[in-house]
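Encoded as structure tokens, the structure appears first; notes follow it.
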Amino acid sequence: MVTRTGDTSAAATVDYATPDDNGSTTVVPCETVNGLAAPRCDFTTAMGTLEFAAGENSKTFTVLISQDNYTEGLETLALTLMNPSGLVAGIAKSNRSIASDSSMSVGGKPGHSPAITLR
């Protein structure tokens, strides 16, 4: 969940993205155990724009977690917010953890919704 605080009386937008390895010359094999979630192996790349209406203070977006056959332990997924319009905040980055192939966790608690706050 992305939450904006402060003055929410005007409409606002912010772009979001997960890492993407499409332009990478080095692709990490899916069985690599390094604590980092990898695009195409552990999740489907997500990107888009969140549009807040006047008075609206929260939005969500979905990151699809991939099912694979590797035991990798807890992996971190970086989420980036950028290009804010109508927001005081600049760029926000947040790391979230994938606890298993079916859930994301916050603070080591599987199943909790990841949250990012904009001011």
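The values are calculated or read from the model by the stated rules, or taken from the named source; none is laboratory data. Only a predicted model underlies this, so the values are computations on that prediction, with no experimental measurement involved. Don't worry about glycine lacking a Cβ; one is built from the backbone with ideal geometry, like all the others, and counts go over all protein chains shown.
Some values worked out for this structure:
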read-out	value
Residues satisfying the stated conditions in region 37-59, i.e. over 13 Å from the mean Cα position of the chain (by Cα) and assigned to a strand (DSSP E or B)	GLU51, PHE52, SER58
Among the candidates THR44, THR25, residue that is modelled with pLDDT of 85 or more and polar (S, T, N, Q)	THR44
Qualifying positions in region 51-70 - among the small types (Gly, Ala, Ser) and over 16 Å from MET1 (Cα atoms)	ALA54, GLY55, SER66
Matching residues, region 62-84, being farther than 24 Å from CYS30 by Cβ and either within 10 Å of the chain's Cα centre (by Cα) or hydrophobic (A, V, I, L, M, F, W, C) (or both)	LEU81, MET82
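The rows are residues; the columns are (1) in contact (Cβ under 8 Å) with a residue 60 or more places away in the chain; (2) buried (at least 16 other Cβ atoms within 10 Å of the Cβ); (3) basic (Lys, Arg).
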site: MET1; (1), (2), (3): yes, no, no
site: SER9; (1), (2), (3): no, no, no
site: ASP20; (1), (2), (3): no, no, no
site: VAL28; (1), (2), (3): no, no, no
site: VAL33; (1), (2), (3): no, no, no
site: ALA53; (1), (2), (3): no, no, no
site: THR62; (1), (2), (3): no, no, no
site: LEU74; (1), (2), (3): no, no, no
site: LEU79; (1), (2), (3): yes, yes, no
